[in-house]
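The values are calculated or read from the model by the stated rules, or taken from the named source; none is laboratory data. Keep in mind that what you see is a predicted model, and the values were worked out from it rather than measured. All Cβ positions, even for glycine, are placed from backbone atoms using ideal geometry, and neighbour counts span all protein chains on display. Side chains are part of the model used for accessible areas, which takes the heavy atoms of the whole protein and leaves out ligands, DNA and RNA. Shrake-Rupley method; radii C 1.70, N 1.55, O 1.52, S 1.80 Å.
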Amino acid sequence: CFGFPLSIFFIVVNEFCERFSYYGMKAVLILYFTYFLHWEDNFATAIYHTFVALCYLSPILGASIADSWLGKFKTIFYLSVVYMIGQAVLAVGSINDLTDHNRDGSPDNAALHIALSMIGLILIAFGTGGIKPCVSAFGGDQFEDDQEKQRRTFFSFFYLSINAGSLLSTIVTPSLKAKQCGIHTKQRCYPLAFGVPAVLMAVALVVFIMGSKMYKKVKPQGNVMLQVSKCVGFAIKNRFRHRSKEFPKREHWLDWASDKYDKQLIAETKMVLKVLFLYIPLPMFWALFDQQGSRWTLQATAMDGDFGISIEPDQMQIVNPILIVIMVPVVDYLVYPLIKKCKINFTPLKKMTVGMFFASLAFVAAALVQVQIDKTYPVFPAAGQNQIRLINLGAVPATVQFQPQLQSVDVAPNEATGYMTFETSKLQSLHITSAALNKTEPLELLKGYRYTLAFKGGLPEISSKLILDNVTSKPEEGQNLVRFINNYNFPVNVTMGDMDFGVLDPLSASNYDIVPKRDWSFLITASIPPASCNVPSMKFGFGSAYTISVDDCTNNQLNVTYFEDIAPSTVHMAWQIPQYFLLTCGEVLFSVTGLEFSYSQAPSNMKSVLQAGWQLTVAFGNIIVLIVAGASKLNKQWAEYVLFAALLLVVCIIFAIMASSYTYVDPNEIEAQFSKEKKEENKKDQDDNEKEAEADSRM
């Protein structure tokens with residue numbers, strides 16, 4: 001079809017569906033850990049990076065199985081089945097109603113959900129990692145030797161399908177997660193967010209099988225990674241065996257393998273090990289880079305996502321692939337040529353060093369943003385303390401005296417104070433004075449909580465009620481909380497959209513409820529049989545909590561007053577764009593150049609070894625994060641960002657020193673030299689055989 005093997009179209013579609021499945025699931029994973037499984041941020045981050053590390057360790061297993069045993073087709077098929085099962089198990093594990101027998105909105109058996117989630121993620125890690133090194137190589141196998149142009153075009157479309165799948169899924173699955181679903185209680189729809197990727201993985205498998213009869217299936221030809229490992233192992237063992245001074249030293253420690261392995265394999269292994277030595281500092285870059293899906297996503301949950309439309313915190317990850325699509329051609333066709341015109345020798349290793357520096361700057365930017373976010377967090381009472389906020393719902397001003405003789409506060413009509421902090425042991429009662437009337441409100445407080453005292457003065461007496469504010473932190477994931485307080489002198493039934501807050505007695509307050517949509521206005525209705533009044537609500541922003549006073553009704557128009565319990569987030573998510581920009585600059589300089597450098601310095605039959613080494617640097621980078629997240633004693637998130645930035649800066653300097661002593665080689669010249677030597681040896685052997693044959697004939 002258009003000069004291409006028909007089979008490659010099945011492979012490209014398969015890759016698109018598989019990447020959609022993986023990145024779609026991964027986009028919402030950290031929020032699933034924190035808000036569904038209710039794991040603490042550090043623990044959730046550690047498990048997230050353990051999963052990513054496993055995804056980058058398993059390609060070595062997949063490549064070994066494909067090259068030494070099953071071949072690429074069977075490896076992709078069997079591991080895709082494992083992958084699909086893992087996605088399905090994860091989706092089932094996220095169904096809240098599976099164990100919510102008492103229908104209170106929380107799973108009754110959290111251990112079952114955790115077990116299913118972990119089993120699903122382990123299967124996914126082995127599935128996606130196992131097929132990762134096989135699919136692109138399997139696509140390349142479909143072309144004949146004279147189809148080099150078509151093969152290059154295929155790889156362009158192949159990587160386009162990867163980016164398209166990841167880009168689309170990062171938009172779609174967070175939107176699916178944001179929907180409300182459930183049989184008994186409505187909450188974040190993680191089953192849908194994980195279920196759609198599971199369906200896409202099933203589609204990927206079906207599409208791959210459909211092309212089965214058209215594929216060119218190359219038989220396993222042995223694993224070069226295994227050969228290199230055996231060569232290195234033999235050299236070390238042989239050197240240790242001949243460590244006494246009576247044995248002459250050899251030019252390189254790998255030369256001790258010459259007793260068993262040929263010179264070309266040893267020379268090529270030396271080249272590979274030189275590059276792998278440079279890989280040692282590289283995991284630190286990935287330790288920072290992969291925190292886009294964990295720490296940076298958690299950071300976005302405390303920010304304002306109003307871009308005209310409401311953006312979910314996990315959708316901010318889309319900035320990276322969008323910038324990649326823009327920056328790669330800009331850097332290749334504009335920045336590098338300008339640097340070349342300035343006669344600056346910008347070698348691949350220098351590019352990688354600068355890339356590390358940019359990533360370090362990205363985390364400095366993230367720390368600066370975090371400092372601003374921390375300033376917006378509400379302060380809650382410590383142990384042994386209480387906070388009290390006063391709301392005057394009456395038409396006349398009032399004065400409240402905190403007894404015994406702590407402080408006196410004036411409160412205007414329809415106004416509220418901020419939360420005031422007191423030592424619980426020192427606070428006994430409140431004395432309210434309004435319009436020549438007064439009342440003493442005794443206090444029995446639970447330590448460590450916030451309270452609201454709602455009151456109104458008027459004949460014949462002052463009415464008041466002390467209300468427990470059962471909110472102990474800023475609402476999760478940018479959600480908003482509302483509750484209503486009845487300022488009528490008789491009971492009313494209050495609803496807001498589909499939310500029913502029930503019948504409220506005078507001065508009584510409802511429980512807080514989650515506002516399902518941030519960017520919507522809901523109809524607030526107060527029913528006073530036989531009539532009812534209503535009014536559209538305000539839009540609540542991100543991460544706020546409000547108490548809404550239902551005051552009175554004028555011409556069927558409900559009058560309400562909003563009291564801000566927790567202010568909405570004021571630091572906009574757009575402030576994350578600079579850190580994403582810096583990190584993407586680092587990725588373009590580091591990752592793209594690193595792969596190019598590795599391939600240019602590796603012999604043709606050793607490229608898979610360096611590919612495996614590159615994947616291992618990503619895995620070890622994620623292991624660094626889980627160690628830091630698990631062992632960190634830093635109380636402030638900005639301090640952790642600065643720590644990572646400093647560590648990468650130190651590693652950047654070390655890498656620059658290591659790179660300065662590296663000598664670039666041309667593997668093609670070395671391979672050509674060995675090829676020439678082999679030809680000369682073969683010719684010499686042939687001449688010797690001819691001379692022997694001639695001598696035999698004379699005899």
Cα-based Rg and Dmax for region 383-490, in Å, come out at 14.3, 47
What does the convex hull of the Cα atoms come to per residue for region 528-578, in Å³?
87
Sum up the charges of everything whose Cβ sits under 11 Å from the Cβ of N511, counting Lys and Arg as +1 and Asp and Glu as -1, but leave N511 out.
-1
Amide H proximity to Q479 below 5 Å, modelled H, separation 5+ or other chain, gives G543
Please list the equivalent ellipsoid semi-axes of the chain, computed as the square roots of five times the alpha-carbon gyration tensor eigenvalues, in descending order and whole angstrom.
66, 28, 21
Filtering the chain for DSSP H helices with an axial alpha carbon extent of at least 20 Å and a Kyte-Doolittle mean of at least 0.0 returns 7-27, 41-65, 72-93, 110-141, 148-178, 190-210, 224-241, 263-278, 348-376, 607-631, 637-660
Sort D513, D469 from largest to smallest accessible area, using a 1.4 Å probe on the heavy atoms of the protein chains.
D513, D469
The answer for M420, listing residues at least 5 apart or on another chain whose modeled amide H is closer than 5 Å to its amide H, is I388, R389
Calculate, for region 155-217, the solvent-accessible area per residue in square angstrom, rolling a 1.4 angstrom probe over the heavy atoms of the protein chains.
47
A 1.4 Å probe over the protein heavy atoms gives the chain a carbon and sulfur accessible-area percentage of 61
Can you list the lysines whose alpha carbon is less than 18 Å from that of K343, not counting same-chain residues fewer than 8 positions off?
K351
Ordered by residue, what ³J(HN,Hα) values in Hz, to whole numbers, does region 554-571 give under the Karplus form 6.51 cos²θ - 1.76 cosθ + 1.60, where θ = phi - 60° and Gly and Pro are x?
10, 6, 6, 9, 6, 9, 10, 10, 9, 10, 7, 7, 10, 5, x, 4, 10, 7
Of every Cα-Cα pair in region 52-159, the percentage lying beyond 18 Å is 60
Just the ratio, please: alpha-carbon radius of gyration of region 385-566 over 2.2 N^0.38 Å, N its number of residues.
1.04
Please list log₁₀ I(q)/I(0) at q = 0.13, 0.25 Å⁻¹ for region 336-428, using the Debye equation with identical point scatterers on the alpha-carbon positions.
-0.68, -1.21
Rounded to the nearest whole number, the per residue volume of the convex hull around the C-alpha atoms of region 144-205 in Å³ is 67
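For W520, W296, give the ranking by accessible area with the largest first, probe 1.4 Å. Could the numbers behind the result be given before it?
Details: W520 135, W296 0 Å².
Greatest to least solvent exposure: W520, W296.
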Rounded to whole Å, give me the distance from the Cα center of region 476-513 to that of region 74-124.
36
Principal axes of region 510-611: Cα extent on each, largest first, Å
86, 24, 23
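Tell me the mean residue ellipticity at 222 nm calculated for the chain from its helices only (DSSP H runs of n ≥ 4, each -39500 (n - 2.57), averaged over every residue, nearest 500).
Calculated mean residue ellipticity at 222 nm is -17000 deg cm²/dmol.
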Average accessible surface area per residue within region 437-526, 1.4 Å rolling probe, Å²
47
Can you give the convex hull volume of the alpha carbon atoms of region 261-334 per residue, in Å³?
157
Stokes-Einstein, Kirkwood over Cα pairs, region 1-222, 10 °C, 1.306 mPa s; D in µm²/s equals 87
Quick one: which residues, 5 or more positions from F36 or on another chain, have an amide H under 5 Å from its amide H? H modelled 1.01 Å from N in the peptide plane, none for Pro or chain starts.
none
Highest mean first, what order results for 568-580, 521-533 on Cβ atoms within 10 Å?
568-580, 521-533
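Can you put M214, M352 in order of accessible area, largest first, using a 1.4 Å probe?
So the residues, ranked largest to smallest area, are M214, M352.
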Karplus 3J(HN,Hα) series, Hz, for region 547-552 with 6.51 cos²θ - 1.76 cosθ + 1.60 (x for Gly, Pro):
9, 10, 8, 8, 8, 7
Pairwise Lys count, region 202-319 - Cα closer than 30 Å, eight or more residues apart or different chains:
28
May I ask for the net charge around F77, where only other residues with Cβ less than 13 Å from the Cβ of F77 are counted and Lys, Arg are +1 while Asp, Glu are -1?
+2
Using only the alpha carbons of region 165-298, what is the convex hull's orientation-averaged projected area in square nanometres?
15.6
